[in-house]
1. Quick one: 3J(HN,Hα) in Hz for the stretch 25-33, Karplus 6.51/-1.76/1.60 with θ = phi - 60°, rounded, Gly and Pro as x.
2. Of all the accessible heavy-atom surface of the stretch 126-225, with the other protein chains kept in place and a 1.4 Å probe, what percent is carbon and sulfur?
3. Can you work out the FRET efficiency for the pair residue 45 and residue 265, with r the C-beta to C-beta distance and R0 = 30 Å, to the nearest 0.05?
4. Could you tell me the calculated FRET efficiency between residue 113 and residue 252, based on Cβ-Cβ distance and R0 = 30 angstrom, to the nearest 0.05?
5. Rolling a 1.4 angstrom probe over the protein heavy atoms, how many square angstrom per residue are accessible across the stretch 1-46?
6. Between residue 29 and residue 138, take the C-beta separation as r, use R0 = 30 Å, and let me know the FRET efficiency to the nearest 0.05.
7. Take the alpha carbon gyration tensor of the stretch 144-289, find the square roots of its eigenvalues, order them as a ≥ b ≥ c, and report rounded if a/c is under 1.5; if not, report prolate when a/b exceeds b/c, else oblate.
8. Rounded to whole Hz and in sequence order, give me ³J(HN,Hα) for the stretch 187-203 from the Karplus expression 6.51 cos²θ - 1.76 cosθ + 1.60, θ = phi - 60°, writing x for Gly and Pro.
Amino acid sequence: MGVKLRNYLHLHFIVFIWGFTAVLGKLITIEALPLVWYRMGIAALLIMVFIGIRRYSLKVSKRSFLILATAGGALALHWVTFFLAIKVANVSIALAVMSTGAFFTALLEPILYKRKIIGYELVFGLVVVLGLVLIFKVESKYAYGMAIALLSAFMGVVFTLLNGKLVVTEKPTIISFYELAIGAVLISVYLGVQGAFTVDLFRLSENDWILMGILASICTAYAFIGGVHVMKYLTPYTVVLTVNLEPVYGIVLAFFILGEAEKMNPMFYLGALIILATVIANGILKNRDRLKKEKRA
């Protein structure tokens, strides 16, 4: 199995885990901000233990640290708005709107990476937006949740593009540790200013602690390092567009786990199908372009 194919399949497994993350966010009863604080903090501690065992150096350049700090802030905001969207709407709506990341990436990646705009990327991005419009028309009661999810999608793209720069020079584990730790610190500062560090912040039910453990370890520490690692072999656009399968995985999981609360209008599923078709089409065209380059070489 080729390196790129292996990492592409690994990415799909990670995206499946991220789809389950949305379900966990709905099942955990605490609010979005403390949920993300726990998630980032526990995951950062787990990765720190791993770094200590492997004896990796935490030394990074000043330039890399600035990018890591920016990415950590973007990640924190991305996750807070994501879980907020889940709680004010539902898993299916939040995940479907997240797919607009493909459109944002098609616009932002050429600017950040100084490459020409690829026509079919813009087309695919617009097709994803079309799927979103279909969903909005039949589920307009979730407008607030959709707006929050849209902000989350944008911040997720900013975070992914910044990571695309970092993986060139830094280890995925080190990147993951710094971004999660910085995000947790930023949220801690906000919670401190708001006077939220009270006994209630640490009063979680036994069920919440179990779910939080799964969220922080498997769905964050493992998936986060793996997600950064595959970016060494796949383009940011391919990563973001593949992540659009997260709604498909998440919606199916939510339907079976959460039941009737996730049952949507048939037009919603048409919108989700359009997103899936876009992902497949992108994979076909990317593979075609790769084969053409290999023949020229």
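1. Values per residue, Gly and Pro as x: x, 6, 6, 6, 8, 6, 6, 4, 5 Hz.
2. Heavy-atom surface of the stretch 126-225 belonging to carbon and sulfur, 1.4 Å probe: 70 percent.
3. In this case the efficiency is close to 0.10.
4. Using R0 = 30 Å, I get an efficiency of 0.35.
5. Heavy-atom accessible area per residue stands at 43 Å².
6. Here the calculated transfer efficiency is 0.55.
7. Judged from the Cα gyration tensor, the stretch 144-289 comes out oblate (a/c at least 1.5, b/c at or above a/b).
8. Going residue by residue, I get 5, 4, 4, 4, 4, x, 4, 7, x, 8, 7, 10, 4, 4, 5, 9, 9 Hz, with x marking Gly and Pro.
The values are calculated or read from the model by the stated rules, or taken from the named source; none is laboratory data. None of the values given here were measured: they were computed from a predicted structure. Virtual Cβ from ideal backbone geometry, glycine too; neighbours counted across all protein chains shown. We work out accessible area using only protein heavy atoms, side chains counted, and drop any ligands, DNA or RNA first. Shrake-Rupley method; radii C 1.70, N 1.55, O 1.52, S 1.80 Å.
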